[in-house]
């Protein structure tokens, strides 16, 4: 009887561990997405693992981000804009990233991790500045992270960018 109970407990732990690993695992190699041939000024939303869709109205990117946050969804290619509420020290461990927090009109906050080994750093970025972006959303408890705000030198990922004071950083 004890052996049977032990086997049931071990099986339950194995299943739970597999589900946890599947939930937390991120893909090691992003797939090559379809590339858009035209650029639109309206925010666009598409998963980076699927071809981009037609640009929705401007307010839809915030709805898409709110849904992604509520559903704990990641790997969402998103384009939009917001206001910088805090600049943070650069992350210098491994690939260097410029970090700052942006608040959207909806109230959602996003941490930006802009790879400054692959794209120029935004000099003079400060609280209150407006920033436009095209990058990949990753879910986090605090609201989410936007990264891939640069061109992908290996061409496996949708190119991203940031715009500040009329200058594009890619």
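Ranking of 156, 150, 60 by neighbouring Cβ atoms within 10 Å, starting from the fewest: 156, 60, 150. Among 76, 65, the order by Cβ neighbours within 10 angstrom, fewest to most, reads 76, 65.
When 85, 116, 122 are arranged by Cβ crowding within 10 Å, least crowded first, meaning fewest neighbours, the order is 85, 116, 122.
Values in this text are rule-based calculations from the coordinates and carry no lab data. All figures in this text were calculated on a predicted structure; none of them were measured in a lab. When we count neighbours, we look across all protein chains shown, and the Cβ atoms used for this are built from the backbone with ideal geometry, even at glycine.
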